[in-house]
Amino acid sequence: MGISTVGVIGLGYIGLPTAAILAAQGVAVTGVDVSPSTVDAVNRGQVPFVEPDLAGYVSEAVSSGKLRAALAPVPAEAYIVAVPTPFIGDHKPDLSYIKAAAEALAPVLRGGELVILESTSPPGTTRRMADWILAARPDLSVDGADGRPVVYFAHCPERVLPGRIMVELVTNDRIVGGITPEAALRASELYQVFCQGEILQTDAVTAETAKLVENSFRDVNIAFANELSLVADRLGIDVWELIRLANHHPRVNILQPGPGVGGHCIAVDPWFIVDAAPDEARLIRTAREVNDSKPRWVLHKVLDAVAGIESPVVAAYGLAFKPNIDDLRESPAIEIVRDLAATFPQATVLVVEPHVDTLPAELETFDNVRLVEAEEALEVGDVQLLLVDHTAFRGLSEQLATKRLVDTRGMTANRPQARVG
Ligand code: SAJ
């Protein structure tokens, strides 16, 4: 059949790359976003955030006329919904962005379209999205009941790694879960347009849960590494050496401890499983708690290191949630700097972050936090605090190792091959 027009709702970290890659394959794509500045930027061929290779794809797609952005959906053969699904309150999923997308989409549907939810979602969300649309459009159906035209609903979770999105969009395998088998089939045909990986068909709830399980798997494994860093500290041994040695076992593959788990995925998605099965998901909940408590442990390490210095200067390296990106969302590094500045007002925190030009809003309000170059931080810091192992910091390892140092990433240790990313 071949789909030639697609609407992508939500032009963020997933929607915009997906829109651009579809356009590169000759599909006419309308990208929809509620933010006028995002719509204007995309229509000028610009990208509102940093992701390797994305800028080239977007400017090419816009100048070829295959990609345009708009504030509201227009008729198309298929839609991909890629809006945020954060949690609110006591880790309850917030589906309001999906509901808003469904309500925006409902009036433009004619029947026969494919509607794919890509947003990471709690089990059952694709069905709820369909129900929201059908509530507004009772003349349509998911299966042709009573002769009403069908809209095909499916879930296809994104699994790309920030920093490698344009590569992984093409090479990763995809799971496609339909509300009906026909919906899964049609959705898999759309992904074949640009995806070279295997496309695996299932039902919508299994697809939704698979995505959550993948990120929980990583969270649980990082929690194990983070817990080991506390155990090793208690035992007075080097956790990096410990893990390097244990990983020589043919069936052991321990991840790396860090200052905590950041980003908008791994620190969020496991809660959706906990919310859906609170009595059963005990390990998953504990892993979240272990990882969420790591920044506080690091803070105490820094406070120990500055003990006895009246007005200490702490040089903090890195704010991003992981190496070599400018993404600061849910970053444990920011939490640590903020809590240090707040709990110890006599301390000065000099932040080195080559990937940003200004401090984020949550740090700007502190008089005792400044963004500086590495040279200044190295020279005047009483304590050096390594929070992110950006490649740009590798050259500092030797100098850092000679100073009073809290190295949360083991960059200065004789560390194993990093398995991050
Ligand atoms: N981290 C560690 N130690 C490690 C590995 C990671 O402390 O050994 C930390 C990182 O520093 C970071 C956090 O974990 O703060 C998450 O980083 P990440 O590289 O593990 O993952 P994300 O959040 O960038 O992307 C994940 C990926 N999921 C999996 O690897 C299972 C990606 O494939 C998903 O598409 C993405 O979540 C998403 O959008 O859900």
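Worth pointing out:
- Rounded to the nearest 20 debye, the dipole magnitude of the chain is 620 debye, with +1 charges on Lys and Arg beta carbons, -1 on Asp and Glu beta carbons, and the Cα centre as origin.
- Spatially proximal aspartates and glutamates relative to Lys99 (Cα-Cα < 13 Å; intrachain offsets below 8 disregarded): Asp131
- A straight chain from Ala277 to Ala246 at 0.36 nm per residue would run longer than the Cα-Cα distance by 7.8 nm.
- Between the listed residues Phe194, Thr180, Leu161, the Cα displaced farthest toward the positive end of the dipole of segment 158-205, a dipole computed from Cβ unit charges relative to the Cα centre, is found at Leu161.
- Considering only Gln46, Ile14, Gly124, the residue lying farthest towards the positive end of the dipole of the chain is Gly124, judged by Cα position with unit charges set on Cβ.
- Highest-MSF residue in the chain out of Val193, Val115, Val388 [GNM, Cα springs under 10 Å]: Val193
- Euclidean distance between Cα centres, segment 1-28 to segment 135-214, Å: 14
- Solvent-accessible surface of segment 213-419, taken per residue with a 1.4 Å probe and all protein chains present: 48 Å².
- Percent accessible area from carbon and sulfur atoms, the chain, protein chains only, probe 1.4 Å: 52
- Highest GNM mean-square fluctuation among Gln399, Gln201, Gln346, for the chain modelled with Cα contacts below 10 Å: Gln399.
- Extension gain, Asp94 to Thr171: 0.36 nm times the residue separation minus the Cα-Cα distance gives 24.7 nm.
- Tensor-based shape of the chain (alpha-carbon gyration tensor, a/c under 1.5 rounded, otherwise prolate or oblate): prolate
- Rounded to the nearest 500, the helix-only mean residue ellipticity at 222 nm of the chain stands at -12000 deg cm²/dmol, with each DSSP H run of n ≥ 4 adding -39,500 (n - 2.57).
- Computed over every Cα-Cα pair of segment 62-147 and binned at 5 Å starting from 0, the pair-distance distribution P(r) comes out as 3, 13, 23, 23, 16, 11, 7, 4, 1, 0 percent.
- Each Lys and Arg Cβ is given +1 and each Asp and Glu Cβ -1; about its Cα centre, segment 5-197 then shows a dipole of about 120 debye.
- Each Lys and Arg adds +1 at its Cβ and each Asp and Glu adds -1 at its Cβ; summed about the Cα centre, segment 98-236 shows a dipole of about 200 debye.
- Against the empirical curve 2.2 N^0.38 Å, the C-alpha radius of gyration of segment 123-232 lands at a ratio of 1.35.
- Taking a straight Cα-Cα cut-off under 23 Å and skipping sequence neighbours fewer than 8 places away in the same chain, the lysines within cross-link reach of Lys322 are Lys211, Lys294, Lys301.
- Mean projected area in nm² (Cα convex hull; one quarter of hull surface) for segment 213-419: 12.1
The values are calculated or read from the model by the stated rules, or taken from the named source; none is laboratory data. All values reported here derive from a predicted model rather than from experimental measurement. Glycine also receives a Cβ, built like all others from the backbone with ideal geometry; neighbour counts cover every protein chain displayed. Just so you know, the surface numbers come from the protein's heavy atoms only, side chains and all, with ligands and any DNA or RNA stripped out. Shrake-Rupley method; radii C 1.70, N 1.55, O 1.52, S 1.80 Å.
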